[in-house]
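The values are calculated or read from the model by the stated rules, or taken from the named source; none is laboratory data. Everything numeric in this text was worked out from a predicted model, so none of it was measured. Cβ placement follows ideal geometry from the backbone for every residue including glycine, while neighbour counts extend to all protein chains displayed. Surface areas here come from the heavy atoms of the whole protein model, side chains and all, with no ligands, DNA or RNA. Shrake-Rupley method; radii C 1.70, N 1.55, O 1.52, S 1.80 Å.
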Number of protein chains: 2
Amino acid sequence: MTTIREVAKMAGVSVATVSRVINGNGKVKQATEEKVREIIKELNYVPSAIAVSLNNKKSKTIGLMLPDITNPFFAELAKGVEEVAKENGYTVILCNTNGDLQSELDHLQVLEQKYVDGIILSSHTLSYSDVEHIATPIVSIDRTLEGNFPSVTSNNFQGAVMAVRHLLEKGCKKIAHISGPQSIRTARLRLQGYLEVVGDLDWYTEALVADGDYEIKSGYEATRTLLQMNRDIDGIFAGNDLMAVGCLKAIHSLGLHVPRDISVIGFDGINFSKITIPELSTISQPIYDMGLLATNTLLKAMEGQCYEQMVYELDVQLIERDSTK
Amino acid sequence: MTTIREVAKMAGVSVATVSRVINGNGKVKQATEEKVREIIKELNYVPSAIAVSLNNKKSKTIGLMLPDITNPFFAELAKGVEEVAKENGYTVILCNTNGDLQSELDHLQVLEQKYVDGIILSSHTLSYSDVEHIATPIVSIDRTLEGNFPSVTSNNFQGAVMAVRHLLEKGCKKIAHISGPQSIRTARLRLQGYLEVVGDLDWYTEALVADGDYEIKSGYEATRTLLQMNRDIDGIFAGNDLMAVGCLKAIHSLGLHVPRDISVIGFDGINFSKITIPELSTISQPIYDMGLLATNTLLKAMEGQCYEQMVYELDVQLIERDSTK
DNA sequence: ATGAAAGCGCTAACAT
DNA sequence: ATGTTAGCGCTTTCAT
């Protein structure tokens, strides 16, 4: 491994001079600079990021903590985060937590000791006391956190309202909801949005809400349960796209047709929602943009800038496709 | 930030002693150790990974370079990698390259200067000369690399043969193939497997192979082209699951039925293959396991152990579902 | 069993 | 314009 010392020696200058040409600060004579650059190239010298970090207490690294990278929602988010990070010279440490509190705490601990310059966090189990001691800036995604943490979310409540209204407009007379885990804020908000619209209608009963867990399988099962209890359901608002996919399958397996017999709408707008048969109508969140925004916000926080805004709640959008008619 | 010095001072010992109790080497009197631990806890002291790294030249970090984390194949891989890494006290830096050579080179450069202890690489553009100078161990996924790099792949050729034979057994009389980008080794092997089985049959013509690029859309388009030219195709082997999904959609859009009119089989066994309607028959690779194996192999390489094996080619498996009858 | 001090590779303040 | 040197936080000889 080549060090700055060897470069200095070969170039016949001091390490300070080499450091100056590398970082482009301080004065260096043209000729000297050229000579140094030449040697750097010749020796294939790359400064040790570790040594640099030890000096300036910046690792040029951010941590990204997610429940599950195989969930398309988080994968898209991660892509956005990585993109912005890279553009700004940062590197991303991926932390997959499975939504497990202990795992999250462990990861947090490691991120701290690796001196990451910032953390983007998507967690529904972490509480304020778990993160308050962390000196590094944190941006929360998909939920807000107590304390002074910026957050990037989208308008879950409003989206749910839009979804259900859409179903209503399409002529649905009895609309069910497959809810996400009520421990997760987005799931609660989406349920609230649903209730907001249908809670007062005469056909509404509690039996029209089935619990899911945001995974495909639960959408499948919830739908079958729902349809067993209420044969006249003609519209289903699934708490997310994954469950909507399961829902589509369940309806198909029952010999029914979407959207002729039952209209289905999801939430998230993951890529896969447009490849189902029929293509899924959904409320799309600007997932990739949320990743970009979260990262840019984090970057600002890291530079010590005041936040322009602490809480971003992005607009969602109704995407009408073939599963609602 | 608490340093080892403060701990030492508070405990009334030298930094060397603190270091000893942290790392559990060297002799430390029971009482001293307890005292030190107490102070560590009290001060909430966590050793700086950076400083440690500077000493022992190990960052406890590995780099993971992938074309696209939103591709379920790579997301699953990443999950496996992260899992094993975490278990072994390593952290994963995620590098998303979009399959772009320059991006890969940039990332490689950064990984080097961050002193990652190892790299897991999935690239089809990088060549030997791009990586030979890298001192850190590298494991290649999904392809082999010249030189002494261990690799983890699966049996693409054999899988393709299995896929096409399966179609034949199901009674297909004219089988087409949607190939992946021929710049990618796996795509070439799968095409070869297809040709191996049907190349000599009397109905085979070159027009039965359509080019795709491993993305959903290309599967859709290739299928429509294929079917336009050859109305009597009754079986399609798609080069991967994503294209198979596009294929399913195209067939559906043409008013035809899978598997009644046309049987379809994919390759990869990504999670999503089981949620399509109809569920997709496919050749499944042990994706998650490939991630585990690659990481374990890398870990061994990092410990300087001789490789038990340089090249792993894992078995694939035919999964018969509803898209082939 | 414990401490003092050198050194990991670099930056930045201070000299010259 | 360039060099010297003191750290950054830690590990690890080498003394004691």
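Out of B:Ile236, B:Ile251, B:Ile178, B:Ile270, one residue alone is within 14 Å of another protein chain (Cβ to nearest Cβ) and within 26 Å of B:Asn155 (Cβ to Cβ). It is B:Ile270.
From the list B:Met243, B:Met302, the one residue that fits, being surrounded by 17 or more Cβ atoms within 10 Å (Cβ to Cβ) and in the same structural domain as B:Gln192 (by the TED database), is B:Met243. If you go through segment B:18-41 and keep only what is of a type in the set (Asp, Glu) and either more than 8 Å from DNA strand C (Cβ to nearest atom) or within 14 Å of another protein chain (Cβ to nearest Cβ) (or both), you end up with B:Glu34, B:Glu38. Does at least one position in segment A:264-277 carry a residue that is more than 23 Å from the chain's Cα centre (by Cα) and not hydrophobic (A, V, I, L, M, F, W, C)? No: segment A:264-277 contains no residue that is more than 23 Å from the chain's Cα centre (by Cα) and not hydrophobic (A, V, I, L, M, F, W, C). Close Cβ contacts (under 6 Å, 6 or more residues apart or on different chains) running from residues in segment A:16-38 that are under 11 Å from A:Ile4 (Cβ atoms) and free of Cβ contacts under 8 Å to residues at least 12 places away in the same chain to residues that are within 9 Å of DNA strand D (Cβ to nearest atom) and open to solvent by 60 Å² or more (accessible area, probe 1.4 Å) are absent. Going by the structure shown, is A:Arg143 in contact (Cβ under 8 Å) with a residue 12 or more places away in the chain, of a type in the set (Lys, Arg) and in a loop (DSSP other than H, G, I, E, B)? In short, yes.
Among the numbered conditions (1) part of a helix (DSSP H, G or I); (2) within 7 Å of DNA strand C (Cβ to nearest atom), the only one that B:Glu6 does not meet is (2). When we screen A:Ala49, A:Ala85, A:Ala75 for residues that are within 11 Å of chain B (Cβ to nearest Cβ), open to solvent by less than 30 Å² (accessible area, probe 1.4 Å) and touching a residue at least 12 places away in the same chain (Cβ under 8 Å), the only hit is A:Ala85.
Conditions tested, residue by residue: (1) touching a strand residue (DSSP E or B) at 6+ places or on another chain (Cβ under 7 Å); (2) of a type in the set (Ser, Thr, Tyr); (3) closer than 30 Å to B:Phe272 by Cα; (4) surrounded by 20 or more Cβ atoms within 10 Å (Cβ to Cβ).
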residue: A:Glu38; (1), (2), (3), (4): no, no, no, no
residue: A:Ser53; (1), (2), (3), (4): no, yes, no, yes
residue: A:Tyr90; (1), (2), (3), (4): yes, yes, no, yes
residue: A:Gly118; (1), (2), (3), (4): yes, no, no, yes
residue: A:Asp130; (1), (2), (3), (4): no, no, no, no
residue: A:Val139; (1), (2), (3), (4): yes, no, no, yes
residue: A:Arg143; (1), (2), (3), (4): yes, no, yes, no
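For B:Lys58, the criteria (1) more than 9 Å from chain A (Cβ to nearest Cβ); (2) open to solvent by 10 Å² or more (accessible area, probe 1.4 Å); (3) closer than 30 Å to B:Asn96 by Cα; (4) part of a helix (DSSP H, G or I) hold in every case but one, which is (4). Of the numbered criteria (1) closer than 30 Å to B:Gln305 by Cβ; (2) outside any strand (DSSP E or B), the one B:Ala163 fails is (1).
Summed over segment A:94-110, residues that are of a type in the set (A, V, I, L, M), at the interface with chain B (Cβ under 8 Å from one of its Cβ atoms) and either touching a residue at least 40 places away in the same chain (Cβ under 8 Å) or surrounded by 24 or more Cβ atoms within 10 Å (Cβ to Cβ) (or both) total 1. The set of residues in segment B:254-281 that are out of contact with any helix residue (DSSP H, G or I) (no Cβ under 8 Å at 6 or more places or on another chain) and either assigned to a helix (DSSP H, G or I) or of a type in the set (Lys, Arg) (or both) comprises B:Arg260, B:Lys274. On the stretch given as segment B:1-27, residues that are buried (at least 18 other Cβ atoms within 10 Å of the Cβ) and over 23 Å from A:Val116 (Cα atoms) total 8.
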